[in-house]
Amino acid sequence: MTDIATYLKEVQQTNAEIAEFDPEVWDTFLPMVRSISKEGAIPAKYKEIMMIALAVADHCPFCIAMHTKIAIKAGATRQEIMEGALTAIPMGGGPAMAYMRYVIDACDEFEAP
């Protein structure tokens with residue numbers, strides 16, 4: 001089992017340090033992410049699930065932790081998160097399959113319904 005809470009804490013700390021180091025970069029990045037993630041023709045929870053799949057394909061446990069937590073908060077279920085994340089495997093092969101460990105652990109840790 002991985003320590004998803006540690007990944008989440010580390011990415012949040014990194015974001016805070018980037019914001020302190022270069023507020024202009026952070027103040028440009030964050031609104032862009034929020035704009036992309038907001039409700040639209042595609043509901044926010046599905047956008048977060050897409051980001052989880054992309055994080056699996058890109059091998060980013062930090063991103064998996066953050067976007068899984070946000071997806072659950074947006075109403076995503078474990079079934080939706082897992083099915084969405086599995087879509088990364090045909091494109092990412094064995095390494096993407098291995099990163100599903102982080103998705104499973106994040107669903108457990110953040111108590112996905």
Among the numbered criteria (1) assigned to a helix (DSSP H, G or I); (2) surrounded by fewer than 19 Cβ atoms within 10 Å (Cβ to Cβ); (3) modelled with pLDDT of 95 or more, which single criterion is violated by Asp105? (2)
Filtered residue count, the range 1-42, keeping only those that are aliphatic (A, V, I, L, M), more than 22 Å from Thr68 (Cβ to Cβ) and assigned to a helix (DSSP H, G or I): 2
Test Lys69 against the stated conditions and say whether it is modelled with pLDDT of 95 or more, closer than 15 Å to Ala5 by Cα and of a type in the set (Lys, Arg). yes
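Suppose the filter is closer than 26 Å to Met97 by Cβ, in contact with a Lys or Arg (Cβ under 7 Å, 6 or more places away or on another chain) and not basic (Lys, Arg); does Thr6 pass it?
No.
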Within the range 28-46, the residues that are farther than 18 Å from Val11 by Cβ, surrounded by fewer than 19 Cβ atoms within 10 Å (Cβ to Cβ) and under 15 Å from the mean Cα position of the chain (by Cα) are Lys38, Ala44, Tyr46
Failed condition for Glu20, given (1) more than 16 Å from Ile104 (Cα to Cα); (2) loosely packed, with under 11 Cβ neighbours inside 10 Å; (3) touching a helix residue (DSSP H, G or I) at 6+ places or on another chain (Cβ under 6 Å): (3)
Looking at Met91, Met66, can you tell me which residue is hydrophobic (A, V, I, L, M, F, W, C), in a helix (DSSP H, G or I), exposed (fewer than 15 other Cβ atoms within 10 Å of the Cβ) and touching a residue at least 12 places away in the same chain (Cβ under 8 Å)? Met91
Can Ala106 be described as in contact with a helix residue (DSSP H, G or I) (Cβ under 8 Å, 6 or more places away or on another chain), closer than 19 Å to Tyr7 by Cβ and in contact (Cβ under 8 Å) with a residue 60 or more places away in the chain? yes
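The values are calculated or read from the model by the stated rules, or taken from the named source; none is laboratory data. These figures come from a predicted structure and were not determined experimentally. When we count neighbours, we look across all protein chains shown, and the Cβ atoms used for this are built from the backbone with ideal geometry, even at glycine.
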